[in-house]
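In what follows, a structure is listed as structure tokens, so that the remarks can point back to it.
Since every read-out is calculated from the coordinates, none of them should be taken as a lab result. Owing to the predicted nature of the structure, the values given are computational and were not obtained by experimental measurement. As a convention, Cβ positions derive from the backbone with ideal geometry for all residues, glycine included, and neighbour counts pool all protein chains shown.
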Amino acid sequence: MTGKLVVVSNRIPTGATPSGGLVVAVHDALTRSGGLWVGAHPDEGTPDQDGLTEIASGDYTRLAFHLTPEEYDSYYLGFANSVLWPLCHGRVDLVDIERGFEETYLAVNARVARLLADQIGEGDIVWVHDYHFLPLASELRKLGITARIGFFLHIPFPPLGALSTLPSPDDFAEWLSAYDLVGLQTRRDTASCLEMFRADPRAEFMTDGSVKFRDRSVSVRSFPIGIDAESFAEAAAVEGPDAELGIDMHEDLVIGVDRLDYSKGLPNRFRAFGKFLDSRAGTGRRASLLQIAPPTRERVAAYRAIRTELEEIAGRLNGEHAELDWTPIRYIHRGVERDTLARLHRRARACLVTSLADGMNLVAKEYVAAQDPEDPGVLILSRFAGAAEDMTEALLVNPYDIDETSEAIETAITMPLEERRRRHAHSLGVVHATNVTDWAQSFVSCLKTCTPTLDYRRAQ
Ligand code: ADQ
């Protein structure tokens, strides 16, 4: 196969040197192979503008499609982030279905497919990312595109029962069956996806493990995403004054780094830290939680609510426990430079990842990569983060259990050196085994070689 790689994702890098795990991996893959990256224009909700705009080019081309303000509301904030995101994260109570959301979602996907179809040549392969584009392959097939198309879902696969919340529940299987390869973060997600097909009378299981759906076949596999561990470790090891990081080295530092999202379990984390502070009251031993959580999707009500709730909990706990020279919870609403983040991770005795649901969670891997292997800190990791499937030597917790999480903080901070080294060595092995460059390469090579599908047009 000699064609180019075509990548589609909602976010598209705008600068010359992109940052962030996924963006860097895809950038590397495209730099190696040459090709095309298509995504939404970074100016959200621009007025009507048809066609694709070139935003930057080098070893490969980057093209952006535009969303009108109405499309941004109904497609991005609406169907993608008020229906699919909560659905996939087990929060059907937060699913907000409005007339027009699904229609706009389908219309945007159909338009992107039309724009993309002109760019796809003989032998090209197409790699579509995430829940913003579930129906994209199906729309491309309608236009007669027979190229191999793969899909990777970065977030958890929804539980079977939750799919009934969708306006048209049968669509999910239909959308996915138009891909040749569906990649998921974990074995558990793969099992959930296969369970969906198993429950669908239109699907049939083939002897090679692929799923035949009408006249097409789709392979479903897990590809656990990772990070560029070497470069993160290098950034973490850069020496510099602790004062520059705003850290008092006489305290035990516990760190949390997340987008401000209800799936990350932040209120439970703060409550667990509060319990831990209660248990230490009067002992004179101080520990601080540094929580970095920049707000996202603030026009969605559930995101505004979580922000208010956290501010209230942090304010109350600081009111109860702070002293003149000590604030136990420092809660920062900004993004932090990657290099600074890496150095902060290295100095923290423990990291709290308490997601209630999470596709993988790259912060868990970044924290492990940043540690000094001779004197490592301890990762406290939710059982519900995809990362927990392989990082079994982290301190695994049920984030709904505030007592257990609070006890894990004490265990982490007081853990003997030998045990910390043993647990860290195991986790670091996982981080290296799932590095992000291999992740991209293995997805693309699997897409090139997985079971061939039948000609889609024959299925019409
Ligand atoms: P996210 O939900 O965004 O990703 P995560 O995997 O933790 O979650 O990745 C976040 C990235 O942003 C990390 O690299 C982190 O360092 C960075 N980041 C977070 N807060 C930051 C801050 N305040 N300042 C600077 N950087 C910050 C989705 C899924 C995950 C899946 C990833 C990749 O929800 O489950 O692991 O995609 O597939």
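What are the extents of the Cα atoms of the chain along their three principal axes, listed from largest to smallest and rounded to whole Å?
Principal axes ranked by extent give 74, 45, 43 Å for the Cα atoms.
Out of residues 5 or more away from Val38 or on other chains, whose amide H comes under 5 Å of its own, with H placed 1.01 Å from N in the peptide plane?
Val7, Val8, Ser9, Leu63
Kirkwood hydrodynamic radius for the range 161-247: how many Å is it when counted over pairs of different Cα atoms?
Working: mean 1/r = 0.0626 Å⁻¹.
When all Cα pairs of the range 161-247 are included, the Kirkwood radius is 16.0 Å.
Quick one: angle between helix 266-280 and the longest Cα principal axis of the chain, in degrees between 0 and 90, rounded to 10, please.
On a 0 to 90 degree scale, this one is about 20.
For helix 21-33, what angle does its Cα long axis make with the longest principal axis of the chain, in degrees from 0 to 90 and rounded to 10?
Once rounded, one gets 40 degrees.
Full-extension gain between Thr327 and Arg286, please, as 0.36 nm times their residue separation minus the C-alpha to C-alpha distance.
Using 0.36 nm per residue and subtracting the Cα-Cα distance, I get 13.8 nm.
Exposure proxy check: Ser9, Ser164 ranked by fewest other beta carbons within 10 Å?
Working: Ser9 21, Ser164 9.
Fewest-to-most ranking of Ser9, Ser164: Ser164, Ser9.
When the convex hull of the Cα atoms of the range 70-152 is projected onto a plane and the area is averaged over all directions, what value comes out in nm²? Write out the running numbers ahead of the final one.
On the way: hull surface 22.2 nm².
In nm², the orientation-averaged hull projection of the range 70-152 is 5.5.
Kindly work out what percent of the DSSP beta bridges joining two residues of the range 1-151 are antiparallel, to the nearest 5.
20 percent
According to a simple spin-label model (label point 7 Å from Cα along Cα-to-Cβ), what is the distance in nm between Arg422 and Leu115?
Reported label-point gap for Leu115 and Arg422 is 5.5 nm.
For the pair Arg307 and Arg188, how long in nm is the line joining their label points, each one 7 Å along Cα→Cβ?
Between Arg307 and Arg188, the label points sit 3.0 nm apart.
Only loop residues by DSSP count here, and only those with at most 15 other Cβ atoms within 10 Å; note down the GluC sites (Glu not before Pro) in the range 293-390 that meet that.
Glu298, Glu337, Glu374
Below 16 Å, Cα to Cα, which lysines can Lys365 reach? Residues fewer than 8 away in the same chain don't count.
Within reach: Lys264.
Determine, from the Cβ-Cβ distance of Ser279 and Glu174 and an R0 of 51 Å, the FRET efficiency 1/(1 + (r/R0)^6), rounded to the nearest 0.05.
The computed FRET efficiency comes out at 0.45.
Put a dot 7 Å past each Cα toward the Cβ at Arg91 and Ser445; how far apart are the dots in nm?
Computed distance between label sites Ser445 and Arg91 equals 3.8 nm.
If Lys and Arg each add +1 and Asp and Glu each add -1, what is the summed charge of the other residues whose beta carbon sits under 13 Å from the beta carbon of Pro86? It would help to have the intermediate numbers written out before the result.
Working: positive: Arg91, Arg297; negative: Asp93, Asp96, Asp261.
Spelling it out: positives minus negatives among the neighbours equals -1.
Could you tell me which of rounded, prolate or oblate describes the range 275-367, using a ≥ b ≥ c as the square roots of the eigenvalues of the alpha-carbon gyration tensor, with rounded for a/c under 1.5 and, failing that, prolate when a/b is larger than b/c and oblate otherwise?
Working: a/c = 1.84, a/b = 1.25, b/c = 1.47.
Since a/c reaches 1.5 but b/c is at least a/b, the shape of the range 275-367 is classed as oblate.
Which percentage, to the nearest 5, of the DSSP beta bridges contained in the chain is antiparallel?
Of the beta bridges lying entirely in the chain, close to 20 percent run antiparallel.
Based on Cα coordinates alone, diagonalise the gyration tensor for the range 261-308, multiply each eigenvalue by 5, take square roots, and list the semi-axes in whole Å, largest first.
Here the semi-axes work out to 28, 10, 7 Å.
Pop out the Kirkwood hydrodynamic radius of the range 229-433 from its pairwise C-alpha distances, inverse of mean 1/r, in Å to one decimal. Write down the numbers at each step before the final one.
Working: mean 1/r = 0.0589 Å⁻¹.
With all distinct Cα pairs of the range 229-433 included, I get 17.0 Å.
Straight-line reach from Lys142: which lysines have a Cα under 30 Å away, not including same-chain ones fewer than 8 places off?
Lys4, Lys212, Lys448
Which of the GluC sites (Glu not before Pro) found in the range 99-187 are in a DSSP loop and have at most 12 neighbouring Cβ atoms, other than their own, within 10 Å?
Those that pass, being in a loop and sparsely packed, are Glu122.
Taking only DSSP H segments of four or more residues, each worth -39500 (n - 2.57), what value at 222 nm results for the chain once the sum is divided by all its residues, to the nearest 500 deg cm²/dmol?
Calculated mean residue ellipticity at 222 nm is -11500 deg cm²/dmol.
Provide the gained length on full extension for the span Ala433 to Thr207, in nm with one decimal, where the gain is 0.36 nm per separating residue minus the Cα-Cα distance. Kindly include the intermediate steps, with their values, before the conclusion.
Working: separation 226, 0.36 × 226 = 81.36 nm, distance 2.92 nm.
In short, 78.4 nm is gained.
How big is the C-alpha Rg of the range 66-110 next to the rule-of-thumb value 2.2 N^0.38 Å, as a ratio?
Values: Rg = 10.2 Å, N = 45, 2.2 N^0.38 = 9.3 Å.
Normalised Cα radius of gyration, the range 66-110: 1.09.
For Lys448, Lys4, Lys365, which order do you get if you count the other beta carbons within 10 Å of each Cβ and list the fewest first?
Lys448, Lys4, Lys365
Would you calculate the convex hull of the Cα atoms in the range 350-447 and tell me its volume per residue in Å³?
Looking at the range 350-447, the number lands at 82 Å³ per residue.
DSSP beta bridges in the range 229-433, what fraction antiparallel, as a percent rounded to 5? Write out the running numbers ahead of the final one.
On the way: 1 of 22 bridges.
That works out to approximately 5 percent antiparallel.
Which ordering of Phe273, Phe213 is given by a fewest-first count of other beta-carbon atoms within 10 Å?
Phe213, Phe273
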